[in-house]
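A.B. asks: First the structure, which I've put down as structure tokens, then a few questions once you've had a look.
Here, each number is a calculation from the coordinates, and none is a lab measurement. Quick caveat, the model's predicted, so the values are computed rather than measured. Here the Cβ positions follow ideal geometry from the backbone for every residue, glycine too, while neighbour counts run over all protein chains shown.
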Amino acid sequence: MIDLVVVVGPTAAGKTRLGVEMAVRLGGEVVSADAFAVYRGLDIGTAKPSAAERARVRHHLIDIADPRERYSAGMFARDAGAAIGDIRGRGGLPIVVGGTLFYVRALLHGLFPEPARLPGLRGALERVWHARPSFTRRWLELLDPAAAARIAPADRQRVLRALEVSLTAGRPMTDLWQQAAAGAPRYRALVIGVALQREQLRARIESRVAGMFAAGLLDEVRGLRDAGVPAEAHAMKAIGYRECCEVLAGTIDRDEAEARTVVATSQLAKRQMTWLRGEAGTVWLQGGDEAALTRAISEVEARYGSGSGPA
């Protein structure tokens, strides 16, 4: 018997549709595991579930955070845990859907006990980053290649945190995560992975990004900036938003922003798949079409029931 279902996969693979359809047919509710969909006002570029999808199925952890503030994995694990308890308490099946795999891991296994911080280390790492960011990245590749493979090169916050933890603990941060994951999981979860052929995924990403810019992503970012959300805010580090901030700053034009967004999204999808290939026990589906949905429902029913509560 399982406590919940988790739907993961690279961006644009079809997780949202699959999660909604599973929830409809199994009497479930969706818990979003997206690090940027939590922010109010970040709508177009985060590909939040549509109003129609949210009308069909109740969604949790969307539009819960102020974009001026930073939302963390620890906050997600806490809030998702509360949502899961609420759904199960009402007899429903929680379906966690999203591509922020760091959040999913924090939910399923908890956060590892962090080593005590060394005074002055973070400041020194910040100075190295500002002087030689490429050197800082190579340093992480030497100390923790697995972390370097899943963290975006430009993600200063996570690169420096991985370095800080590795240097303080005297071992890679990835080892600490694996040690935490080796313990008893917090939930009995069925993890379903949604994948696509590389060419198909690339085409979907290009289409999605073009649609976002056509739908007014640049105007959305302009509105957020006018409302007082600084370009340095964590919310503005989301792919598409940071590129639009550069357009507004006059450093690139709209066409360049769209092209960079496609490249960054494709790189994110590659990192997501690199991470997921190392996750044992994942049930893999090709895309989110009807055949995939039928198999997903069959996998759930074999472990949970047909939608009338725990088996």
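A.B. asks: For segment 94-203, which trypsin sites (Lys or Arg not before Pro) are both in a DSSP coil and crowded by at most 16 other Cβ atoms within 10 Å? Walk me through the numbers before you get to the answer.
C.D. replies: Working: sites: ARG105, ARG117, ARG122, ARG127, ARG137, ARG138, ARG150, ARG156, ARG158, ARG161, ARG186, ARG188, ARG198, ARG202; in loops: ARG117, ARG186, ARG188.
Of the trypsin sites (Lys or Arg not before Pro), the ones in loops of segment 94-203 whose Cβ has at most 16 other Cβ atoms within 10 Å are ARG117, ARG186, ARG188.
A.B. asks: Need the full-extension length gain, SER134 to THR251, defined as separation in residues times 0.36 nm minus the C-alpha distance. One decimal, nm.
C.D. replies: Working: separation 117, 0.36 × 117 = 42.12 nm, distance 2.10 nm.
Result for the pair: 40.0 nm of gain on full extension.
A.B. asks: I'd like the FRET efficiency for GLN179 and ARG295, computed as 1/(1 + (r/R0)^6) with the beta carbon distance as r and R0 of 35 Å, rounded to 0.05. List each step's numbers first, then the result.
C.D. replies: Numbers: r = 33 Å, r/R0 = 0.95.
Computed FRET efficiency for GLN179 and ARG295: 0.60.
A.B. asks: Where the eigenvalues come from the Cα gyration tensor of segment 44-92, what are the semi-axes √(5λ) of the equivalent ellipsoid, largest first, in whole Å?
C.D. replies: Values: eigenvalues 82, 69, 9 Å².
Semi-axis lengths for segment 44-92 are 20, 19, 7 Å.
A.B. asks: Could I ask something else about it? When the helix-only estimate is applied to the chain (DSSP H runs of n ≥ 4, each -39,500 (n - 2.57), divided by the residue count), what is the mean residue ellipticity at 222 nm, nearest 500 deg cm²/dmol?
C.D. replies: Values: 14 runs with 170 residues, N = 311.
Helices in the chain give a 222 nm mean residue ellipticity of -17000 deg cm²/dmol.
A.B. asks: For the pair GLU199 and VAL24, what calculated FRET efficiency results from E = 1/(1 + (r/R0)^6), where r is the Cβ-Cβ distance and R0 = 25 Å, to the nearest 0.05? Intermediate results must be reported in sequence, preceding the final value.
C.D. replies: Numbers: r = 30 Å, r/R0 = 1.21.
Step by step, r from the Cβ atoms, then E = 0.25.
A.B. asks: Of the options VAL97, LEU217, ILE44, report the single residue whose Cα projects farthest towards the positive end of the charge dipole of the chain (beta-carbon charges: Lys, Arg +1; Asp, Glu -1).
C.D. replies: The listed residue farthest towards the positive side: VAL97.
A.B. asks: Suppose each label sits 7 Å from its Cα in the direction of the beta carbon; what would the ALA302-ARG186 distance come out to in nanometres?
C.D. replies: About 2.8 nm, to one decimal.
A.B. asks: Which whole-number percent is the relative contact order of the chain (Cα, under 8 Å, 6+ apart)? List each step's numbers first, then the result.
C.D. replies: On the way: 454 pairs, mean separation 93.9, N = 311.
30 percent.
A.B. asks: Turning to a different aspect of this structure: Considering all alpha-carbon pairs of segment 121-178, what whole percent are spaced by more than 14 angstrom?
C.D. replies: Details: 749 of 1653 pairs.
For segment 121-178, the fraction of Cα-Cα distances above 14 Å is 45 percent.
A.B. asks: Given the convex hull over the Cα atoms of segment 164-311, what projected area results after averaging over all orientations, in nm²?
C.D. replies: Working: hull surface 53.4 nm².
The directionally averaged projection comes out at 13.4 nm².
A.B. asks: Averaged over all directions, how much area does the convex hull of the C-alpha atoms of the chain cover when projected, in nm²?
C.D. replies: 16.1 nm²
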